[in-house]
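Report on the structure given below.
The values are calculated or read from the model by the stated rules, or taken from the named source; none is laboratory data. Quick caveat: nothing in here was measured; it's all calculated off a predicted structure. Cβ: placed from backbone, ideal geometry, glycine included. Neighbour counts: every protein chain shown.
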Amino acid sequence: MMRPVPVCRYIAGVLLIAALAGCNSQAGVAEPPRVARVARVEPATAQAVSVYPGEVHARYESALGFRVAGKISSRRVDVGTHVDKDQVLAELDPRDLELATASARASLASAQAALQLARSEYERYKTLFERRFVSQFDLEAKTNALEAAKAHVAEARAALDTARNQTGYAELRADADGVITAVSGEVGQVVGAGQAIVTLAHDGASEVEIDVPEQAVAQLTAGDAARVEFWTDSGKLHDGKVREIAPGADPTTRTYQVRVSISDADAKPRLGQTARVYFASGARDDQFLVPLSALYEKAGEPAIWQVDTQSGKVHLAPVTVEQYAETGALISRGLVADAWIVTAGVHRLREGETINPIDSLNRRVTF
């Protein structure tokens, strides 16, 4: 006689069979290939590995100031004024200087009068000595007095020349043709000798001033070729070369100031204009520049996911990084030209995994 099966056991069995059937159906559905961004490897020599923003400056810039102290009585230029050589830029109150000149002139007149007296005394004592009315000692004393009077006249004349020169220094003149780029003195201001009043950018050659980080400045030397692109004329490159590299780093930014002269005579940038400076890579043909996002670390060593163009699978390849830069990593071993590598999402991949490759614009890549 058959015993009836409890209803609860029957229901549990049905649910177990349904669950097993669902697992089998899910296992039979293959996961789609993972989307990964890829790029073709190119030699670093074909890439501009260093790009620096900069600003256009004049080749020569002068901070001009008065050669004497005084109170500014007039300023004849403003920022942006174009001036000619020897043009008056500003003036000091000349009254004190004119008084000094008058005093020096009076001192010279007094010295000349003393000289005339000393000469008369000498001539008189010379006659008396010849008649043996005075001694040799008395004549020598008058001779020395005459020479001293001559020296005093020369000293007074030099002092007068100095006073006249200082009176002329009350006018600040341009030392070259150019444009005023800064003004730091105003009428009524009392300034010291040598204090900068205006900055003059000389007409002529222009340069681009850039700041290079300390880890990259060692790659540059004076005379290195460069390409300059101005912001207002984007896409057009002008020839240039490194003219000057600062010997010390800026204490705040820890960057080195580099001046790049513009060789192209057709380039006529405006002062203060923004520019970009490109330096060609110094890498060899067997070195490659890859994005920093392409690097993967395995057992503490750098590696890169390379794509098998036949199967679409990725394989991890160890590489040697020659140098790290802001624009990427320079690989000296482990890659070959025209190889395809994964440049984004490298930490989600597995060895031998098939990927769905896309480029930087999210377009499907066909090998």
Checklist line | Single condition Glu214 does not satisfy, out of (1) closer than 25 Å to Val179 by Cα; (2) surrounded by fewer than 17 Cβ atoms within 10 Å (Cβ to Cβ) | finding: (1)
Checklist line | Single residue of the stretch 211-264 satisfying the filter (among the basic types (Lys, Arg) and touching a residue at least 60 places away in the same chain (Cβ under 8 Å)) that is farthest from Val51 (Cα to Cα) | finding: Arg259
Note to self: Tell me the residue from Asp239, Asp264, Asp286 that is under 18 Å from Val56 (Cα atoms) and in a loop (DSSP other than H, G, I, E, B), please.
What the structure shows: Asp264
Check: Is it true that Arg227 is in contact with a helix residue (DSSP H, G or I) (Cβ under 9 Å, 6 or more places away or on another chain) and among the basic types (Lys, Arg)?
Finding: no
Item checked: Residues located in the stretch 76-95, provided they are acidic (Asp, Glu) and either at pLDDT below 95 or surrounded by 13 or more Cβ atoms within 10 Å (Cβ to Cβ) (or both) -> Glu91, Asp93
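Per-residue answers, yes or no, for (1) surrounded by 18 or more Cβ atoms within 10 Å (Cβ to Cβ); (2) assigned to a helix (DSSP H, G or I); (3) within 46 Å of the chain's Cα centre (by Cα):
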position: Ser74; (1), (2), (3): no, no, yes
position: Leu97; (1), (2), (3): yes, yes, yes
position: Leu115; (1), (2), (3): yes, yes, no
position: Tyr125; (1), (2), (3): yes, yes, no
position: Leu139; (1), (2), (3): no, yes, no
position: Ala159; (1), (2), (3): yes, yes, yes
position: Ala163; (1), (2), (3): yes, yes, yes
Margin query: Considering only the stretch 342-349, I want to know if a residue exists there that is at pLDDT 95 or above, under 38 Å from the mean Cα position of the chain (by Cα) and of a type in the set (A, V, I, L, M, F, W, C).
Written below: yes
Check: Can Asp250 be described as assigned by TED's automatic domain parsing to the domain that holds Ile210, closer than 30 Å to Glu214 by Cα and either surrounded by 14 or more Cβ atoms within 10 Å (Cβ to Cβ) or of a type in the set (D, E, K, R) (or both)?
Finding: yes
Check: Where residues in the stretch 79-95 are among the hydrophobic types (A, V, I, L, M, F, W, C) and not in a loop (DSSP other than H, G, I, E, B), which of them is farthest from Gly185 (Cα to Cα)?
Finding: Val83
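Okay, residues lined up against (1) of a type in the set (Gly, Ala, Ser); (2) under 30 Å from Gly65 (Cβ atoms):
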{"residue": "Asp203", "(1), (2)": "no, yes"}
{"residue": "Glu209", "(1), (2)": "no, yes"}
{"residue": "Ala216", "(1), (2)": "yes, no"}
{"residue": "Gln219", "(1), (2)": "no, no"}
{"residue": "Glu229", "(1), (2)": "no, no"}
Notebook entry, point to check: Mind checking which residues of the stretch 256-298 are surrounded by fewer than 19 Cβ atoms within 10 Å (Cβ to Cβ), modelled with pLDDT of 90 or more, farther than 30 Å from Thr81 by Cβ and among the aliphatic types (A, V, I, L, M)?
Noted result: Leu292
Checklist line | Criterion (farther than 30 Å from Val242 by Cα, aromatic (Phe, Trp, Tyr), modelled with pLDDT under 95 and surrounded by fewer than 16 Cβ atoms within 10 Å (Cβ to Cβ)) met by exactly one of Phe129, Phe133 | finding: Phe133
Note to self: Given the condition assigned to a helix (DSSP H, G or I), without any contact (Cβ under 8 Å) to a residue 40 or more places away in the chain and farther than 30 Å from Ala69 by Cα, answer yes or no: does some residue in the stretch 102-112 qualify?
What the structure shows: no
